[in-house]
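The values are calculated or read from the model by the stated rules, or taken from the named source; none is laboratory data. Keep in mind it's a predicted model, so treat the numbers as computed, not measured. Here the Cβ positions follow ideal geometry from the backbone for every residue, glycine too, while neighbour counts run over all protein chains shown. The protein model used for the area step is the full one, side chains on, heavy atoms only, and it has no ligands, DNA or RNA in it. Shrake-Rupley method; radii C 1.70, N 1.55, O 1.52, S 1.80 Å.
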Amino acid sequence: MKHFFSILALFILISCSSPNTEEVQNPNPETQTPTIQSISTNSTNIGDTIIINGQYFNPNSTYTITFNGTNGQIAQITSTTISVIVPVGTTSGPLQLTANGVTVNAGYISIIGQNRLFAYKQHGYIVELNSGTGIETQTLVYGTGSDYLSELKYFAPTNEIIAQGFVLNNNGSNTYKLFKVKLADKTTKEMIYAGYDQLIVTTTGKLYGYKLYEGIIELNPNTGSEIGSLINTGSDQLYGLIYNPQTNEIMGDKGLIDNNGNYIHKLCKIKLSDNSITENIYYGYDELIPATNGKLYAFRATKRIVELNPATGTEIKTLINISELHISNLTYYPQTNQIIGKKIIYNNGIATYKLLKLNLKDNSLSENNIIKDDYDYFIVTN
């Protein structure tokens, strides 16, 4: 009996130690499709190195990695990582890997310190434009739950464009919505809220709404609900409200009738640190354009772009005279230190739209690039 169990134990030992060649075969990385698991960062500078983590990378294979269409320089490849240098000239956008003719997305890369230009045209289009040429580079949104969007702003903390939408009801009333689109993945969200005459976004991540003839109130940027007390700005209308990041003020044009029946303009400023309000009589402008360096610019119907004293609203100097009246959507583009906007030229009743750019370094004007549509808003990321 002992002899039998010895033979049985030996048989089991031999069976357990015999390799099963079918079960232990390792996959050949040269025949496996590369898979991406993660990237080292979603925000970077030009010239930095990004690491793509995954499986089945082959150091002997040829890969192409692009940053929003611009080829990156591959520095190193291992079986589980690819190190790639962010190329000069790239812009924020998708990071893509192409292997054996197959392209896969690795994620979205934001280039630090780089501004992007977006535009809105009616019926739900939000598009990105090349800030140099005005050419549309991608469509973010086509068709929203709202009939129309207005008050489009960039909200930096969540990298979103926010806006006010509305739906016209059968009884003639409007339902207002807070609209949001994430720039990283183009997902959208719309939430019913009170609705406001203007929206103001600060660089500190706060959102305010203006109630006509009443005042300004802070809103929850996630829901649109009111979370602050009303800052009473009086019964006269404010328009063109902007945020000055250097002084932490909301400012705008207040139009009113004086005791003699004359229509006058005041530069109204609301200091958000203590909700104090100051007003100074000034010329009045069609658009106020704040720069990130604290300077304040404006466009006058007298066909001029001027620099203003942000404390008083008085004109410091005229930057340039412009012959046409049909100029709008003026905004500051920090990356190139330019004021950009839309110019419309009519020829026999046919409109041509141009991207206007004023270089604030030498006050030179460029208006050679034709844009595709009559955009209602320009939105600049920061």
Quiz item: Is at least one residue of segment 189-201 under 20 Å from residue 160 (Cα atoms), in contact with a Ser or Thr (Cβ under 7 Å, 6 or more places away or on another chain) and among the acidic types (Asp, Glu)?
Solution: yes
Please determine whether any residue of segment 103-113 is more than 16 Å from the chain's Cα centre (by Cα) and of a type in the set (A, V, I, L, M).
yes
Checked against (1) more than 29 Å from the chain's Cα centre (by Cα); (2) of a type in the set (Lys, Arg); (3) within 20 Å of residue 151 (Cβ to Cβ), residue 342 satisfies every condition except (1)
Per the filter on segment 38-60, residues over 14 Å from residue 83 (Cα atoms), assigned to a strand (DSSP E or B) and modelled with pLDDT of 90 or more are none
Taking segment 314-365 and keeping only residues that are part of a loop (DSSP other than H, G, I, E, B) and either more than 24 Å from residue 111 (Cα to Cα) or basic (Lys, Arg) (or both), one is left with 314, 322, 323, 324, 325, 326, 348, 349, 361, 362, 363
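Being under 22 Å from residue 380 (Cβ atoms), over 19 Å from the mean Cα position of the chain (by Cα) and not β-branched (Val, Ile, Thr) narrows it down to one residue among 142, 125, 196, 176; which is it? Quick ask: steps written out before the conclusion?
Values: 142 fails: over 19 Å from the mean Cα position of the chain (by Cα); 125 fails: over 19 Å from the mean Cα position of the chain (by Cα); 176 fails: under 22 Å from residue 380 (Cβ atoms).
After ruling out the rest, the residue left standing is 196.
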Among strands (runs of 3 or more DSSP E) completely within segment 62-170, the ones holding 3 or more residues that are small (Gly, Ala, Ser) and in contact (Cβ under 8 Å) with a residue 12 or more places away in the chain are 102-111
Just one listed residue, out of 295, 266, is charged (D, E, K, R), open to solvent by less than 70 Å² (accessible area, probe 1.4 Å) and in contact (Cβ under 8 Å) with a residue 12 or more places away in the chain, and it is 266
Exercise for the section: Kindly indicate whether residue 305 is surrounded by 15 or more Cβ atoms within 10 Å (Cβ to Cβ) and within 20 Å of residue 288 (Cβ to Cβ). Expected result: yes
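Give me the residue from segment 338-382 that is of a type in the set (Phe, Trp, Tyr) and crowded, with 20+ Cβ neighbours inside 10 Å and, out of that set, nearest to residue 117 (Cα to Cα). If you could, list the steps in order and put the result at the bottom.
Narrowing segment 338-382 to residues of a type in the set (Phe, Trp, Tyr): 346, 353, 375, 377-378.
From the residues that got through so far, the ones that are crowded, with 20+ Cβ neighbours inside 10 Å too are 375, 377-378.
Numbers: 375: 12, 377: 10, 378: 7 Å.
Among them, the one singled out is 378.
Being over 26 Å from residue 339 (Cα atoms), open to solvent by 20 Å² or more (accessible area, probe 1.4 Å), modelled with pLDDT of 90 or more and not basic (Lys, Arg) narrows it down to one residue among 154, 142, 108, 148; which is it?
148
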Scanning segment 171-208 for residues that are in a loop (DSSP other than H, G, I, E, B) and open to solvent by less than 60 Å² (accessible area, probe 1.4 Å) gives 172, 173, 183, 184, 193, 195, 196, 202, 205
Among the residues of segment 357-377, the number that are of a type outside the set (Asp, Glu) and over 20 Å from the mean Cα position of the chain (by Cα) is 11
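Is it true that residue 242 is open to solvent by 10 Å² or more (accessible area, probe 1.4 Å), assigned to a strand (DSSP E or B) and in contact (Cβ under 8 Å) with a residue 24 or more places away in the chain? Walk me through how you get there before you give the answer.
On the way: open to solvent by 10 Å² or more (accessible area, probe 1.4 Å): yes; assigned to a strand (DSSP E or B): yes; in contact (Cβ under 8 Å) with a residue 24 or more places away in the chain: yes.
For residue 242, the condition - open to solvent by 10 Å² or more (accessible area, probe 1.4 Å), assigned to a strand (DSSP E or B) and in contact (Cβ under 8 Å) with a residue 24 or more places away in the chain - is met.
Which of the residues spanning segment 344-368 are of a type in the set (A, V, I, L, M) and without any contact (Cβ under 8 Å) to a residue 40 or more places away in the chain?
From segment 344-368, those of a type in the set (A, V, I, L, M) are 344-345, 350-351, 355-356, 358, 360, 365; that's our starting set.
Those that are of a type in the set (A, V, I, L, M) and without any contact (Cβ under 8 Å) to a residue 40 or more places away in the chain: 344, 345, 350, 351, 356.
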Across (1) open to solvent by less than 40 Å² (accessible area, probe 1.4 Å); (2) of a type outside the set (Asp, Glu); (3) more than 30 Å from the chain's Cα centre (by Cα), residue 284 clears everything bar (3)
